[in-house]
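**Q** The structure follows.
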Amino acid sequence: MDLSELNTPEMQRFYSEEQQKAVVTEMVAKVTNECWDKCISGTPGNKFSSGEASCLSNCAQRFVETNMLIWKKLQSMQ
């Protein structure tokens, strides 16, 4: 394989897409861990209680909103 093949627009796009996937995967893992630790006490049963479900939903929403706010701020600084 010729190393110049690694610098094609297709490879750059592929690399960029893979980086984006990795960031999303990392964010999902982080929000899952943080919200689980915050909202779930003990071992859950077959279903989350209404309080747990509400807490998880609110926690995830705040996490997304906060990350979007930070992302927009960082973009405006460039």
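The values are calculated or read from the model by the stated rules, or taken from the named source; none is laboratory data. In this text the structure is predicted, and so the values were computed from the model without any measurement. Every residue, glycine as well, gets a Cβ built from its backbone with ideal geometry; the counts of neighbours run over all protein chains shown.
**Q** Could you grab the pairs with beta carbons closer than 7 Å, sequence gap of 6+ or different chains, first residue in the stretch 54-78 and under 18 Å from residue 39 (Cβ atoms) and touching a residue at least 60 places away in the same chain (Cβ under 8 Å), second one assigned to a helix (DSSP H, G or I) and among the aliphatic types (A, V, I, L, M)?
**A** Sorted first by the residue in the stretch 54-78, then by its partner, the list stays empty.
**Q** So which residues in the stretch 20-74 are in contact with a helix residue (DSSP H, G or I) (Cβ under 8 Å, 6 or more places away or on another chain) and β-branched (Val, Ile, Thr), if there are any at all?
**A** Hits for the stretch 20-74 are 31, 40, 64.
**Q** List the residue pairs whose Cβ atoms are under 9 Å apart, where the first residue sits in the stretch 11-40 and is under 16 Å from residue 71 (Cβ atoms), the second is surrounded by 10 or more Cβ atoms within 10 Å (Cβ to Cβ) and of a type in the set (Phe, Trp, Tyr), and the two are 6 or more positions apart or on different chains.
**A** 27/63; 30/63; 31/63
**Q** Take the residues of the stretch 39-78 that are of a type in the set (Val, Ile, Thr) and either surrounded by fewer than 13 Cβ atoms within 10 Å (Cβ to Cβ) or in contact with a Leu (Cβ under 7 Å, 6 or more places away or on another chain) (or both): which is modelled with the lowest pLDDT?
**A** Going through the stretch 39-78, the residues of a type in the set (Val, Ile, Thr) turn out to be 40, 43, 64, 66, 70.
From what's left, either surrounded by fewer than 13 Cβ atoms within 10 Å (Cβ to Cβ) or in contact with a Leu (Cβ under 7 Å, 6 or more places away or on another chain) (or both): 43, 64, 66, 70.
Numbers: 43: 85, 64: 89, 66: 92, 70: 91.
Among those residues, the one meeting the criterion is 43.
**Q** Right, something else. Does residue 16 satisfy the condition of being part of a helix (DSSP H, G or I), at pLDDT 95 or above and out of contact with any Cys (no Cβ under 6 Å at 6 or more places or on another chain)? Can you show your working first?
**A** Values: part of a helix (DSSP H, G or I): yes; at pLDDT 95 or above: no; out of contact with any Cys (no Cβ under 6 Å at 6 or more places or on another chain): yes.
So residue 16 fails the test.
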